[in-house]
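The structure appears below as structure tokens.
Derivation of every value follows stated rules applied to the coordinates shown; laboratory data play no part. Predicted model only: the values in this text are computed from it and were never measured. Please note: Cβ atoms are built from the backbone with ideal geometry, for glycine as well, and neighbour counts cover all protein chains shown.
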Amino acid sequence: MIYCGIDWAERTHDVALVDDTGQLLAKRHITDDAAGYRSLMDLLAEYGDTEETPIPVAIETSRGLLVAVLRAGKRKVFAINPMAAARYRDQHAVSRKKSDPGDALVLANILRTDMHAHRPLPNDSDLARAIAVLARAQQDAVWNRQQVANQLRSLLREYYPAALEAFAKWDNGLCRPEARELMKLAPTPAKAASLTRTQITCRAAALKRAGRKRGIEADVERLRGAFRTDWARQPELVEDALGKQTLALLGQLTAACTAAADLAQAVDEAFPQHPDSPARSPASPDDG
């Protein structure tokens, strides 16, 4: 039995092959391109790798082109958590200093001694992998959206608490499209306080563009009252500068909200195509 460990990096990768006894059979430094991948596959073939009996591979990532190449066919690819690999490294070396060739050997030995304790990457279909990519990207987009919203909330606390109070009633607060439309209209307390009822009412079209259909007039009155609440103020020049910073963050927040919404829609479109989706599953006899 032959085992392969790959210590991957951005541009190059180190490969090590060991046998059942732990003897190092081969090591190679390959580039992260088509030529490097061919070199890797030639090395594996040299030591008995075939389509029917592929050599298992341990690597510290589950993504990327190299992993996609390795997952072709029946090969078992084990994505080893870097923290787990570090603990194995401590068992085999006195020094804790990282060594790429040494780490490749450690990964190969992890499979040799403890392959039963690790799970290979699932043999998912291309559609299942695509759904996983979209779901992960949508989750990251939501986290990014919340991070930008938190930055904007922190900034508003420094000079514009009236805006926070005005939008506190709405779910998702600053992430709501109507909140962002109103912040563009009045990025500073001075501009917000100077708005008349007529001006806000005329600008109610902004709420409609954001998707609001009901309760606009009532919200206009509530917002006008919140914007005119007496709060401490920053000096005029400082307030204007903070307002410009707010507009910049609003641009980032709008982009983050759009990305999260687009990716959520992509997931909603892709998931029903999977055979295991409830939308594709045949109705049971008890469904009526």
Percent of alpha carbon pairs in the chain separated by more than 25 Å?
64
For the chain, averaging the sequence separation of alpha carbon pairs under 8 Å that lie six or more residues apart and dividing by its residue count, the contact order in percent is 17
Relative packing of peptides 73-83, 184-194 - highest average C-beta neighbours within 10 Å first:
184-194, 73-83
10 Å Cβ shell holding at most 16 others, DSSP loop, GluC sites (Glu not before Pro): longest site-free stretch of the chain
53-288
Cβ density ranking, 10 Å radius, fewest first, applied to 37, 160 yields 37, 160
Classified through the alpha carbon gyration tensor (a ≥ b ≥ c as square roots of its eigenvalues; rounded if a/c is under 1.5, else prolate when a/b is larger than b/c, else oblate), the stretch 3-123 comes out rounded
Rg (one decimal) and Dmax (whole number) from the Cα set of the stretch 129-273, in Å, equal 16.9, 57
Scanning the chain for helices, which whole DSSP H stretches are 27 Å or more long along the axis (Cα) and average 0.0 or more by Kyte-Doolittle?
236-270
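Order these peptides, 223-229, 28-34, by their mean beta-carbon neighbour count within 10 angstrom, highest first.
223-229, 28-34
Let me know the shape class of the stretch 215-271, please: from the alpha-carbon gyration tensor, a ≥ b ≥ c as square roots of the eigenvalues, rounded when a/c is under 1.5, otherwise prolate if a/b is greater than b/c, or oblate.
oblate
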Given points 7 Å out from each Cα along the Cα-Cβ axis, report the residue 143 to residue 229 separation in nanometres with one decimal.
3.3
Using DSSP, restrict attention to beta bridges with both residues in the stretch 3-123 and report what percent are antiparallel, rounded to the nearest 5.
70
